[in-house]
Amino acid sequence: MREGMKTKQNMLCPGSVMADRKKKAVVEGIAQAVFGVCASFVILVTASITVYMIGKGASAFWKVGVKEILFGTVWKPTAEKPSYGILYMILTSAVGTGLAVLLSVPIGVLTAVFLAEAADKRLAAVVKPAVELLAGIPSVIYGLLGISLLNPLMYRLELALFRDSPGHRFTGGANLLSAALVLAVMILPTVINISEAAIRGVQPGVRAASLALGGSRIQTIFCAVLPAAKSGIVTAVVLGVGRAVGEAMAITLVSGGCVNPPLPFYSVRFLATAIVSEMGYSSGLHRQMLFAIGLALLIFIMAVNTALTKIVKKGAENGG
Amino acid sequence: MERSKISVRNLELSYGAARALKNVSMEIRGCAVTALIGPSGCGKSTFLKCINRMNDFVEGVRIRGSVFLDGEDIYDRRVDTTLLRKKVGMVFQQPNPFPMSIYDNIAYGPRLHGIRGRQELDGIVEEALKGAAIFEETKDRLKKSALGLSGGQQQRLCIARALAVRPEVLLMDEPTSALDPVSTRKVEELIRNLKKKYTVVIVTHNMQQAARVCDDAAFFLAGEMVESGPGDVLFSRPKDRRTRDYVAGRFG
Amino acid sequence: MVDETTLYHKRKRPAEAFLLSAVYGAASMSVILLAGMVGYVFFKGAGTVSWSFLTTAASVLQKTSGIGGNLVNTLYIAVLTLLAAVPVGVGAAVYLNEYAKPGKLVRLVEFTTETLSGIPSVIFGLFGMVFFGETLGLGYSLLAGAFTLSLMVLPLIVRNTQEALRTVPDSYRMGALGLGASRFYMIRTILLPSAMPGILTGLILAAGRIVGESAALLFTAGSGSRLPKPGAGASDTIRRLWEKAHESGGTLAVELYLQMQNGRYETAFGIGCVLIGIVLCINLLLKLGADRLGNKA
């Protein structure tokens with residue numbers, strides 16, 4: 001219809017072919033520019049987040065001192081003589097994430113093996129949607145389950161373990177171990193999905209070669225397929241780490257919330273949870289410190305991402 | 001006449017409703033090269049995979065009949081298929097090295113079968129690489145990734161990998177179809193040498209190649225084994241008209 | 001040593017039986033975890049969910065403890081976020097796939113997309129608070145929250161649109177361009193319609209993230225839970241809707257967090273039920289979409 005009208009117009013006034021073409025070129029140019037702006041917007045957003053975080057967070061490092069912040073163990077931001085050491089929080093984030101990954105990766109990779117290699121299609125048809133749903137559950141719900149279900153259980157364990165140690169400060173089950181468990185469940189879908197994709201991506205020739213050498217199905221999976229999917233599985237682990245380190249809402253309450261060294265039955269505070277639980281009442285240097293913690297998190301995540309790009313690149317070179 | 005290494009009796013194979021092999025019976029001599037020829041889709045590759053039961057992994061496949069290896073039916077219920085595949089090795093159409101080092105590729109099979117000793121493995125790796133005539137090219141880069149090798153080298157590496165588990169039979173499914181002429185020549189030379197120790201069954205679509213490497217040959221057409229016998233007889237004086245047409249068509 | 005003289009001897013592999021059971025064990029654990037969690041939330045919360053729970057706002061005066069206000073806020077934020085993020089995300093994907101020549105710019109955009117998708121939501125919250133809240137003066141408002149979330153879901157939309165554009169066969173492009181269509185015309189009439197299912201997938205996934213998000217909203221959209229008052233007449237309604245966007249408002253997930261923090265688990269589980277219900281619906285939508293796509297192909 002529209003095309004037809006255009007030709008009619010063109011026939012009526014012969015000079016407009018040029019004008020039409022010109023108009024078309026202008027529209028093309030504008031379209032390309034608009035799309036280009038959209039793409040640059042992504043760069044702009046990432047850059048401004050980085051710049052803002054540096055701008056807001058670096059000043060605290062400047063005022064308090066890098067050493068005092070990173071290696072100080074006393075976090076008393078609201079005291080008369082405030083102290084801003086976040087070493088325990090850094091260690092808690094590291095240990096908590098490490099524990100979560102240690103728990104989650106074996107289960108996740110084995111589940112991925114089940115999904116990608118299992119002979120039983122009907123069982124896989126139950127597990128797969130379950131994993132997808134697990135990935136969609138909001139983190140606050142993990143937190144809710146953590147405090148109302150996991151913490152009481154943990155408290156019982158704590159009571160049993162420390163019955164005879166009067167020095168122990170009871171946490172009611174809100175401790176590092178609980179938080180690590182919650183994180184482990186939270187990163188499980190990430191680990192499963194990415195490992196599964198990696199396992200499925202292994203060349204079929206690898207399986208055939210191993211089977212033809214007299215490998216059993218299990219040997220083939222664990223000795224040939226998994227090593228061939230190595231870089232994908234490492235990607236899964238790294239992304240899991242990224243998710244666990246940045247998670248806050250699920251574990252603010254579950255972890256107890258006191259700044260303590262990261263021991264399993266201690267009430268602890270993570271980097272990300274410190275921001276969430278203190279931002280509401282913070283001001284001045286304390287507030288800048290929370291931005292400094294955010295900056296530290298951001299730098300860590302970016303480092304992880306860069307490492308990831310390298311791993312994937314290397315994996316592509318090795319064909320794994 | 002010597003006893004055959006492999007004898008196939010009334011082998012039937014079907015995927016769902018499609019019959020891929022129809023009542024195939026044939027004898028395969030030990031320490032000789034047997035070539036399976038025929039147009040594509042005639043069932044020769046399927047037949048080859050029946051000899052080490054690689055078809056077991058294909059979904060919906062049904063197999064009847066028997067394949068005897070040294071007098072034992074490999075389709076017997078009691079058979080340990082991993083041991084069978086250790087004895088009957090396979091080389092595939094596409095070179096398929098593992099994404100690991102050259103050394104680990106060769107040592108993979110022996111390790112599966114429980115060999116762990118460093119020295120023993122070193123010996124096996126060297127022997128296998130020499131057996132596949134690729135030792136000289138790789139001895140200085142055993143720790144490097146196998147994926148860095150050329151296509152022809154990769155295929156000989158795969159042959160070496162198959163030899164490392166000390167098989168008795170070697171099945172080759174169009175092993176040179178993905179290779180350039182020079183590499184093809186090298187692999188053919190290797191095949192002729194291999195028959196001193198191994199029973200080789202090779203599927204090829206290239207009849208000149210079959211004529212160059214084989215002692216015996218079998219012609220497949222539409223799931224049937226039409227004719228088998230010594231290679232020179234099959235190629236020069238085939239008994240069956242269909243074989244004659246195919247051979248003539250290919251050579252002429 | 002195994003007897004290798006005969007094939008008729010199945011080897012026993014205890015280690016493998018163990019590994020196999022580990023594989024099955026891990027898989028069933030994932031299922032049990034999920035079923036247990038979802039079941040527990042429904043068990044604890046289903047009793048709380050009622051019509052008045054869903055439609056009234058929490059009020060001490062009227063002695064109601066409903067989440068109607070939060071439900072409206074969630075819808076508000078979801079719509080505003082998608083309105084902001086979808087055009088930009090789709091535009092960026094079109095540029096990357098259809099216009100840009102491979103080179104530094106593309107790599108930079110892809111790297112930043114990757115980075116953006118890895119940034120924890122707490123950081124988005126901090127950024128949104130200072131940029132939208134303070135620099136742009138939006139304070140704690142639904143608008144500030146929605147803008148913050150739109151940055152967060154941007155990578156998701158870019159990535160899904162790109163995937164979808166990649167699956168459109170080149171012959172479509174060539175065909176249209178060969179007929180003399182301009183590139184923009186081709187994109188509008190051929191490419192975007194063919195990529196629509198993929199774009200919708202991205203949109204639904206983004207909606208899922210928005211509904212579940214809390215950390216990025218806590219300091220941007222705040223926690224208000226008032227129900228909007230119906231306006232008199234169309235223009236008044238629009239004015240009220242616009243005003244509402246500038247008010248603070250907590251979504252369901254934020255409200256859940258606050259209830260949980262104050263130890264009111266009953267309400268928290270009730271909200272949990274609603275949230276899981278929404279997530280279930282979203283997964284169902286995605287599944288249906290995927291099935292329809294599968295049938296088409």
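The values are calculated or read from the model by the stated rules, or taken from the named source; none is laboratory data. These figures come from a predicted structure and were not determined experimentally. Every residue, glycine as well, gets a Cβ built from its backbone with ideal geometry; the counts of neighbours run over all protein chains shown.
Only one residue in C:E213, C:E247, C:E255, C:E243 is surrounded by fewer than 21 Cβ atoms within 10 Å (Cβ to Cβ), touching a helix residue (DSSP H, G or I) at 6+ places or on another chain (Cβ under 9 Å) and of a type in the set (D, E), so which one is that? Walk me through it before giving the result.
Working: C:E213 fails: surrounded by fewer than 21 Cβ atoms within 10 Å (Cβ to Cβ); C:E255 fails: surrounded by fewer than 21 Cβ atoms within 10 Å (Cβ to Cβ); C:E243 fails: touching a helix residue (DSSP H, G or I) at 6+ places or on another chain (Cβ under 9 Å).
Testing whether each residue is surrounded by fewer than 21 Cβ atoms within 10 Å (Cβ to Cβ), touching a helix residue (DSSP H, G or I) at 6+ places or on another chain (Cβ under 9 Å) and of a type in the set (D, E) leaves just C:E247.
So which residues in the stretch C:1-32 are hydroxyl-bearing (S, T, Y) and either away from chain A (no Cβ under 12 Å) or surrounded by fewer than 14 Cβ atoms within 10 Å (Cβ to Cβ) (or both)?
Start the filter on the stretch C:1-32 by keeping residues that are hydroxyl-bearing (S, T, Y), which leaves C:5-6, C:8, C:21, C:24, C:28, C:30.
Matches in the stretch C:1-32: C:T5, C:T6, C:Y8, C:S21.
So, C:A85, is that one surrounded by 15 or more Cβ atoms within 10 Å (Cβ to Cβ), farther than 18 Å from C:I210 by Cα and within 14 Å of chain A (Cβ to nearest Cβ) or not? In short, no. Annotation: of all residues in the stretch C:94-116 being among the β-branched types (V, I, T) and facing chain A (nearest Cβ under 7 Å), the one that is surrounded by the most Cβ atoms within 10 Å (Cβ to Cβ) is C:V94.
Among the conditions (1) at pLDDT below 90; (2) more than 21 Å from the chain's Cα centre (by Cα), the only one that A:P261 does not satisfy is (1). Looking at the structure I just gave you, is A:Y142 aromatic (F, W, Y), within 19 Å of the chain's Cα centre (by Cα) and in the same structural domain as A:L99 (by TED's automatic domain parsing)? Taking the combined requirement at face value, the residue satisfies it. If you filter the stretch A:103-114 down to residues that are more than 7 Å from every other protein chain (Cβ to nearest Cβ) and either buried (at least 22 other Cβ atoms within 10 Å of the Cβ) or touching a Leu at 6+ places or on another chain (Cβ under 8 Å) (or both), you find that the one that is farthest from A:S178 (Cα to Cα) is A:A112.
The single condition among (1) at the interface with chain A (Cβ under 10 Å from one of its Cβ atoms); (2) over 28 Å from A:E278 (Cα atoms); (3) within 20 Å of the chain's Cα centre (by Cα); (4) among the hydrophobic types (A, V, I, L, M, F, W, C) that C:F127 does not meet is (2). The residue pairs whose first member lies in the stretch B:11-27 and is polar (S, T, N, Q), whose second member is exposed (fewer than 15 other Cβ atoms within 10 Å of the Cβ), and whose beta carbons are closer than 8 Å, counting only pairs six or more residues apart or on different chains, are B:S14/B:R62; B:N23/B:N10; B:S25/B:R9; B:S25/B:N10. C:A232 meets each of the listed conditions (1) of a type outside the set (S, T, N, Q); (2) touching a residue at least 40 places away in the same chain (Cβ under 8 Å); (3) not in a helix (DSSP H, G or I) apart from (2).
Where helices (runs of 4 or more DSSP H) sit wholly within the stretch A:204-320, those with at least 1 residues that are farther than 27 Å from C:I119 by Cα occupy A:204-212, A:284-318. The helices (runs of 4 or more DSSP H) located wholly in the stretch C:137-202 that include 2 or more residues which are modelled with pLDDT of 90 or more occupy C:142-167.
Out of all the residues in the stretch A:161-169, is one or more in a helix (DSSP H, G or I) and of a type in the set (A, V, I, L, M)? Scanning the stretch A:161-169, I find at least one residue that is in a helix (DSSP H, G or I) and of a type in the set (A, V, I, L, M), so the answer is yes.
Every test in (1) in a loop (DSSP other than H, G, I, E, B); (2) in contact (Cβ under 8 Å) with a residue 12 or more places away in the chain; (3) surrounded by fewer than 21 Cβ atoms within 10 Å (Cβ to Cβ); (4) of a type outside the set (A, V, I, L, M, F, W, C) is passed by A:R156 save one, and that test is (1).
Only one of B:I115, B:I134 is away from chain A (no Cβ under 13 Å), β-branched (V, I, T) and in contact with a Leu (Cβ under 7 Å, 6 or more places away or on another chain); which? Outline the logic, then answer.
Details: B:I115 fails: away from chain A (no Cβ under 13 Å).
Sole residue among the options that is away from chain A (no Cβ under 13 Å), β-branched (V, I, T) and in contact with a Leu (Cβ under 7 Å, 6 or more places away or on another chain): B:I134.
Taking first residues from the stretch C:33-46 that are at the interface with chain A (Cβ under 7 Å from one of its Cβ atoms) and partners that are among the basic types (K, R), no Cβ contact under 6 Å between residues at least 6 apart in sequence or on separate chains turns up.
So which residues in the stretch B:187-242 are among the polar types (S, T, N, Q) and either surrounded by fewer than 21 Cβ atoms within 10 Å (Cβ to Cβ) or under 21 Å from B:N10 (Cβ atoms) (or both)?
Start the filter on the stretch B:187-242 by keeping residues that are among the polar types (S, T, N, Q), which leaves B:193, B:199, B:204, B:206, B:208-209, B:228, B:236.
Hits for the stretch B:187-242 are B:N193, B:N206, B:Q208, B:S228, B:S236.
In the stretch A:249-261, the residues that are more than 14 Å from every other protein chain (Cβ to nearest Cβ) reach residues that are of a type in the set (K, R) and assigned to a loop (DSSP other than H, G, I, E, B) with C-beta atoms within less than 8 angstrom, at least six apart or across chains, in these pairs: A:C258/A:R269; A:V259/A:R269; A:N260/A:R269. Of the residues screened, C:T113 is not one that is under 28 Å from A:A296 (Cβ atoms), in contact (Cβ under 8 Å) with a residue 12 or more places away in the chain, not small (G, A, S) and not in a helix (DSSP H, G or I). Would it be correct to say that B:G16 is surrounded by fewer than 15 Cβ atoms within 10 Å (Cβ to Cβ) and either within 14 Å of chain C (Cβ to nearest Cβ) or not charged (D, E, K, R) (or both)? So B:G16 passes the test.
From the list C:A268, C:A253, the lone residue that is within 24 Å of the chain's Cα centre (by Cα) and over 18 Å from C:W51 (Cα atoms) is C:A253.
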